[in-house]
1. Could you list all residues from the range 1-34 that are surrounded by 14 or more Cβ atoms within 10 Å (Cβ to Cβ) and either free of Cβ contacts under 8 Å to residues at least 12 places away in the same chain or in a loop (DSSP other than H, G, I, E, B) (or both)?
2. I'd like to verify a number: residues in the range 40-68 that are surrounded by 16 or more Cβ atoms within 10 Å (Cβ to Cβ), farther than 17 Å from residue 84 by Cβ and in contact with a helix residue (DSSP H, G or I) (Cβ under 8 Å, 6 or more places away or on another chain), how many?
3. What number of residues in the range 72-84 are surrounded by 15 or more Cβ atoms within 10 Å (Cβ to Cβ) and out of contact with any helix residue (DSSP H, G or I) (no Cβ under 9 Å at 6 or more places or on another chain)?
4. Whether any residue in the range 47-65 is over 21 Å from residue 10 (Cα atoms), touching a residue at least 24 places away in the same chain (Cβ under 8 Å) and not in a strand (DSSP E or B) is what I want to check.
């Protein structure tokens, strides 16, 4: 499965930034990517603004990793946390 990686930076209201990738199947539309990013923030109960196109940009395409593929098949996306997500 080929996936699209979207590099996402969100400024936290408490200060600092969250940096994570939103990973989706290659045919996922951009509005869905933003919806998935906002669902991730809500699931973490983090105080952060809504993700906009300014915060989330297409990075590249690649073959999926098995652990990502399971989440993509179940919920439509996988989040790869990089910085400030805990």
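1. Passing the criteria: 12, 28.
2. Going through the range 40-68 one residue at a time, the tally reaches 1.
3. Going through the range 72-84 one residue at a time, the tally reaches 2.
4. Yes, the conditions are met somewhere in the range 47-65.
All of the numbers you see were taken from the coordinates with simple rules; none came from a lab. Model, not experiment: these values are computed from the prediction. When we count neighbours, we look across all protein chains shown, and the Cβ atoms used for this are built from the backbone with ideal geometry, even at glycine.
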